[in-house]
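The values are calculated or read from the model by the stated rules, or taken from the named source; none is laboratory data. Small disclaimer: the values here were computed from a predicted structure and weren't measured. For neighbour counting, all protein chains shown are included, and Cβ atoms are generated from backbone atoms with ideal geometry for every residue, glycine included.
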Amino acid sequence: MDQAKAAVCVFVAVVSRLSTAQLTTSSTGCEEGTFLLNGRCESCSTNCNRGACDVTDGRCSDGCIQGFYGQTCQHPCPDNCLYDQCSIDTGFCNFGCTHGFYGDMCDLTCNEHCNEKKCKRDSGYCSAGCVPGYFGDKCDSACNSHCIQTCERTSGVCDACVDGHYGANCTDTCSTGCGTLKCRQDNGECWDGCKTGWTGPQCAACSDGFYDINCTSRCNKNCLNELQCDAVNGTCLTGCKPGFRGEECSIEVVLKEEGGDIPTIVGAVVVGVLFIILLILVLILVLIKRRRRKRNKDFRNREFGNESKSQISRMDVQTDKVLMWNDKAGDSGVTPAGEADQVYENTDTQKVDPKLEGGSDQDSLNTDEEAQDPSEGDNSGQVDSSVNNEASITTEVGKSDKET
């Protein structure tokens, strides 16, 4: 209807301008297609339809060629005008806008969330609806993130909610006591019943003093606080009353007299301490005994070695003297028995006095220490006896030679 009125207006304007041009042509003296400007006839604008214009001011009397508007058709029509046609006076697009644009001059863009990017020219209303996830006249509002993709075009009410949410816009949360975290969108009632420790259509937590499936069991009366127990397994949260134990305070115990265990504990501690002390003393004694035994053994080994050397030296001296007497007896044929006896007496005297053997004060000291050791004294006696026996044998041999 608006386009028809605009066409009629254009037709009337063209007719009136043609009449004016015919009337003024003869008065100005300018030919058709020209107009009088500053006393000279100038050509009409090339954008005037058929090159016709008013002879007095140069306005295009027959309209503009396609794509231009204005009094002398000096302005191009907006780019997004359909068919590149616009009003000669205002520049408004005569036949609407190209796809994706709206407004009088088609200089506004339809919202990107309009389905197929279609919208009405006058308002921008998305004529083909909104893409999933958006709502509103121009599809410029987002549906709630808990909606399953789409929502109602005008109000934004979610078509459905993701698991765990409910309400018109899916802004409410299902109870954590729901068996599968699924609940009805309109009222939040759990679809698959409640978990243990929850009850009711919307699976509310058990009231104080109750637990188990659908909250049908009472907390044990032996709980220190009968109204506070675990909603799932009934464990007493504040402990048990005196005389009871266990998670649910269901085991009765016999209370001992206060302080009755103290003497037993003290006695056990004392015994333990004494045992540790005794063990330490035994270890110390063992270590001392081992150290003394090792020291005595080292001392005996050292003294026995010195005594053995002294005895061997004395034996060598006695043997040399016996051999010397034998040599004398062989030469003279006479062996004075008394002189031989004197030799052994002197040898015995030398055994008593360590200095005759070239011994030192240390040897004398060692001899005294050996005398204190019975075992070492026996060894010395055995050595002296062997020396005396050898001397006696040698004397007998000398006597036998003399008789012969």
#### Entry: Enumeration of residues in the stretch 202-236 that are within 35 Å of the chain's Cα centre (by Cα) and charged (D, E, K, R)
Asp230
### Query
Across the stretch 91-120, which residue is surrounded by the fewest Cβ atoms within 10 Å (Cβ to Cβ) among those that are out of contact with any Lys or Arg (no Cβ under 7 Å at 6 or more places or on another chain) and aromatic (Phe, Trp, Tyr)?
Phe95
### Query
Could we say that Val15 is more than 60 Å from the chain's Cα centre (by Cα), buried (at least 17 other Cβ atoms within 10 Å of the Cβ), modelled with pLDDT under 90 and outside any strand (DSSP E or B) here?
no
### Task
Give the residue that is surrounded by the fewest Cβ atoms within 10 Å (Cβ to Cβ), with candidates limited to residues of the stretch 237-256 that are hydrophobic (A, V, I, L, M, F, W, C) and within 40 Å of the chain's Cα centre (by Cα).
Leu237
### Task
Of the conditions (1) in a loop (DSSP other than H, G, I, E, B); (2) at pLDDT 90 or above, Glu116 clears all except one; give me its number.
(1)
### Task
Scan (1) within 14 Å of Asp89 (Cβ to Cβ); (2) at pLDDT below 90 for the single condition Ala4 breaks and write down its number.
(1)
### Task
Select from the stretch 201-237 the residues that are among the β-branched types (Val, Ile, Thr) and at pLDDT 90 or above and write down the one among them that is nearest to Gly177 (Cα to Cα).
Val232
### Task
Could you give me the residue pairs with C-beta distances under 6 Å whose first residue belongs to the stretch 120-143 and is part of a loop (DSSP other than H, G, I, E, B), whose second residue is of a type in the set (D, E, K, R) wherever it lies, and which are 6+ apart or on separate chains?
Gly124/Lys138; Tyr125/Asp137; Ser127/Lys118; Ser127/Lys120; Ala128/Glu116; Ala128/Lys118
#### Entry: Scope the stretch 198-236; condition touching a helix residue (DSSP H, G or I) at 6+ places or on another chain (Cβ under 7 Å) and either within 30 Å of Asn169 (Cβ to Cβ) or touching a residue at least 60 places away in the same chain (Cβ under 8 Å) (or both); matching residues
Thr199
### Task
Answer yes or no as to whether Cys126 is in contact with an Asp or Glu (Cβ under 8 Å, 6 or more places away or on another chain) and hydrophobic (A, V, I, L, M, F, W, C).
yes
### Query
What number of residues within the stretch 47-66 are surrounded by fewer than 16 Cβ atoms within 10 Å (Cβ to Cβ) and under 30 Å from Tyr102 (Cα atoms)?
2
### Task
Scan (1) in contact with a helix residue (DSSP H, G or I) (Cβ under 9 Å, 6 or more places away or on another chain); (2) without any contact (Cβ under 8 Å) to a residue 60 or more places away in the chain; (3) not aliphatic (A, V, I, L, M) for the single condition Phe95 breaks and write down its number.
(2)
